[in-house]
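Report on the structure given below.
What follows draws every value from the coordinates through simple rules; no lab data is involved. These numbers were taken from a predicted model, which means no experiment stands behind them. Note that each Cβ is placed from the backbone with ideal geometry, even for glycine, and that neighbours are counted across all protein chains shown.
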Amino acid sequence: MDGLVEFRTGDGAVVTVEAAEERSGSRLVSRGDGTVLATRTFEGALDGVRAAAESALRVFRDGSLKPDGVEIEFGVKLAAETGAFIAKGTAEGHLVVRLTWSPAGPEASPAP
């Protein structure tokens with residue numbers, strides 16, 4: 001298990017997550033129970049992922065495809081100093097995109 005990081009939300013709630021190990025030369029100091037206190041809020045840690053999702057939605061909603069629905073799945077890891085980042089999956093990064101279209105309604109039949 002990597003380690004635990006404690007984030008605070010903007011309203012003061014505590015969110016504890018299993019965190020990705022950071023590969024920097026410095027090491028964060030944990031509390032006595034091994035939990036590291038994050039350097040930013042939970043919302044702040046997710047800012048980059050939110051921006052990536054907004055950008056991806058723009059790409060898939062604009063243009064010629066015009067899907068009825070767009071579902072984007074990011075694998076996200078959280079680290080005490082880095083915050084949230086898109087997790088490496090089996091390829092270079094983890095991103096699943098599902099586009100959906102509703103079938104066209106039945107042809108309007110002429111009134112008798």
Extension gain from Leu99 to Asp68, taking 0.36 nm per residue of separation minus the Cα-Cα distance: 10.4 nm
Length released on extending from Ala13 to Ala53, taking residue separation times 0.36 nm less the Cα-Cα span: 12.0 nm
Ordering of 6-15, 57-66 by burial proxy (mean other Cβ atoms within 10 Å per residue, highest first): 6-15, 57-66
Amide H partners (placed H, <5 Å) of Leu37, local residues excluded: Glu6, Arg31
